[in-house]
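The values are calculated or read from the model by the stated rules, or taken from the named source; none is laboratory data. Computed from a prediction, not measured in an experiment: that's the story for all the values here. When we count neighbours, we look across all protein chains shown, and the Cβ atoms used for this are built from the backbone with ideal geometry, even at glycine. Surface areas here come from the heavy atoms of the whole protein model, side chains and all, with no ligands, DNA or RNA. Shrake-Rupley method; radii C 1.70, N 1.55, O 1.52, S 1.80 Å.
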Amino acid sequence: MSTEISLHNTPLADEHVALGAKMVGFGGWNMPLQYESILAEWDYNRKTASIFDCSHMGEFLIKGDAVSSGLDNIVTQTIVDMPLNACRYGAMLNDEGGIIDDLIVYRKAQEEWMIVVNAANIEKNARHFRAHLNSHATFEDISFKTAKLDLQGPMSRDILKVLAPGIEALAYYTFGHFQISGIPCLISRTGYTGELGFEIYAPWEKCKEIWKTILKNATVKPTGLGVRDVLRVEVCYSLYGHELDETISPLEAGLDKFLDGKKGFIGRQALTQRHCKRSIGFISSLSRKSPRAGNKIFDANSKEIGIITSGTFSPGLGIGIGIGLMDRPLMETGNTVFFGDDKNKAEARIAKRPFYKHGSLKS
């Protein structure tokens, strides 16, 4: 009997293979891990421009008043005061205060919202929204109608404004409606790399045409999930399943500023009872050895005090970096910790976040 897991394909699966990408399963999807070396793809993103296929992400369309529909009670961030064409990062929680998912809310009209969620959580999230929205709202899962391309890097604005005039006016975390090669797109000034960048939402069946149009500019290079992970760890962005899950609260994950303490939301009351650990960042002290997710964190007496949730080698710093969950009393910046297992440990020190501070994010 076959034990193969069926993976979804994005509209660009054949394009990735034709470009020589190494393909892997991620969140139930067949995705490009890398096209070239991680170092080469890192250079493209940090120094010029790169494009990611992020069509595996989920999108929901909700219509209704934020409060009377129940939407405001589902998300942790303030949304009732959002201007039109603005987007806002936050999360939704279970009754115990654990993170069901992190998400971005787009306000498309006075009573129309697009919610962008993580690929592996699409079905779970859709059930949660349907369960907690009321009859004053309409809900539609448009994930398989909507493709998503991320153009990132310090040259991304100059490249994209030729194809979609007017995007140069977008402020950070705002969006607008544009056309690329006559194809209508929603384009937001957002991203997951710590660089200036744009996320392009387009009809699923038109994605390939936009992808090819953007890649006609020789400066733009396709990049995969491998370097995307390195880039996001360098700027300490959370990844669901690592820094975030249903057993971790937003306070433990360091998402305090994305909680609106003046309003009610599902899971809020439970938060006061669960923040014994805290997300920390650290860098290797004496070697290029990189921490890995699942490594233990120890104090100077070899007592286990936490666990690494993400780790990698940073091309930008030339050293190993990591994010972990650790006991709160030992979190002071500069403190020495150790990572590894009971037999092999490497020294590190707690560091201020983000690690990489030279990005073009808000330029």
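Any chance you could count how many residues in region 334-363 are assigned to a loop (DSSP other than H, G, I, E, B), within 25 Å of the chain's Cα centre (by Cα) and of a type outside the set (Phe, Trp, Tyr)?
Residues meeting the conditions: 11.
When region 136-181 is examined, which residues are found to be under 15 Å from residue 116 (Cβ atoms) and of a type in the set (Lys, Arg)?
145, 148
Here are the criteria: (1) open to solvent by less than 10 Å² (accessible area, probe 1.4 Å); (2) touching a helix residue (DSSP H, G or I) at 6+ places or on another chain (Cβ under 8 Å). Tell me which single one residue 234 does not satisfy.
Going through (1) open to solvent by less than 10 Å² (accessible area, probe 1.4 Å); (2) touching a helix residue (DSSP H, G or I) at 6+ places or on another chain (Cβ under 8 Å) one by one, residue 234 breaks only (2).
Test residue 200 against the criterion of being closer than 16 Å to residue 157 by Cα, of a type outside the set (Gly, Ala, Ser) and within 16 Å of the chain's Cα centre (by Cα), and give yes or no.
Criteria met by residue 200.
Cβ-Cβ under 6 Å, sequence separation 6+ or interchain: first residue in region 280-299 and within 13 Å of residue 317 (Cβ to Cβ), partner open to solvent by 60 Å² or more (accessible area, probe 1.4 Å) and outside any strand (DSSP E or B). Which pairs?
Hits for this filter: 281/353.
Could you figure out which of (1) under 27 Å from residue 203 (Cβ atoms); (2) open to solvent by less than 50 Å² (accessible area, probe 1.4 Å); (3) of a type outside the set (Lys, Arg) isn't true of residue 6?
Here residue 6 meets the rest and fails (2).
Would you confirm, using the coordinates I've provided, whether residue 81 is of a type in the set (D, E, K, R), crowded, with 17+ Cβ neighbours inside 10 Å and more than 16 Å from residue 191 (Cβ to Cβ)?
no
Run down 199, 205, 195, 209 and say which single residue is touching a residue at least 60 places away in the same chain (Cβ under 8 Å), in a helix (DSSP H, G or I) and either open to solvent by 20 Å² or more (accessible area, probe 1.4 Å) or assigned by TED's automatic domain parsing to the domain that holds residue 154 (or both).
Residue meeting the stated conditions: 205.
Consider region 28-55. How many of its residues are among the basic types (Lys, Arg) and either farther than 25 Å from residue 314 by Cβ or open to solvent by 20 Å² or more (accessible area, probe 1.4 Å) (or both)?
1
Would you check if residue 307 is under 30 Å from residue 227 (Cβ atoms), open to solvent by 60 Å² or more (accessible area, probe 1.4 Å) and aliphatic (A, V, I, L, M)?
yes
Pairs, please: C-beta under 6 Å, at least 6 apart or cross-chain, first residue assigned by TED's automatic domain parsing to the domain that holds residue 118 and in region 243-263, second assigned to a helix (DSSP H, G or I) and of a type in the set (D, E, K, R)?
none
Is there a residue being within 22 Å of the chain's Cα centre (by Cα), closer than 30 Å to residue 73 by Cβ, buried (at least 16 other Cβ atoms within 10 Å of the Cβ) and not basic (Lys, Arg) anywhere in region 288-296?
no
Which of the residues that make up region 305-324 are more than 21 Å from the chain's Cα centre (by Cα) and not in a strand (DSSP E or B)?
Across region 305-324, the qualifying residues are 317, 318.
Out of the residues in region 173-191 that are farther than 16 Å from residue 155 by Cα and in a loop (DSSP other than H, G, I, E, B), state the one that is most open to solvent (accessible area, probe 1.4 Å).
Here the residue is 181.
For the structure I just gave you, tell me whether residue 314 is modelled with pLDDT of 95 or more, under 28 Å from residue 148 (Cβ atoms) and either open to solvent by 30 Å² or more (accessible area, probe 1.4 Å) or in contact with an Asp or Glu (Cβ under 6 Å, 6 or more places away or on another chain) (or both).
In short, yes.
Working carefully through the options 58, 25, 97, find the one that is crowded, with 19+ Cβ neighbours inside 10 Å and over 22 Å from residue 151 (Cβ atoms).
Exactly one of 58, 25, 97 is crowded, with 19+ Cβ neighbours inside 10 Å and over 22 Å from residue 151 (Cβ atoms), namely 97.
Since residue 140 meets every condition but one in (1) over 22 Å from residue 31 (Cβ atoms); (2) assigned to a helix (DSSP H, G or I), which condition does it not meet?
Only one criterion is unmet by residue 140, namely (2).
Check every one of the helices (runs of 4 or more DSSP H) wholly within region 10-117 and list those with 2 or more residues that are farther than 21 Å from residue 194 by Cβ and touching a residue at least 60 places away in the same chain (Cβ under 8 Å).
In region 10-117, 13-18, 71-74 are the helices (runs of 4 or more DSSP H) which contain 2 or more residues that are farther than 21 Å from residue 194 by Cβ and touching a residue at least 60 places away in the same chain (Cβ under 8 Å).
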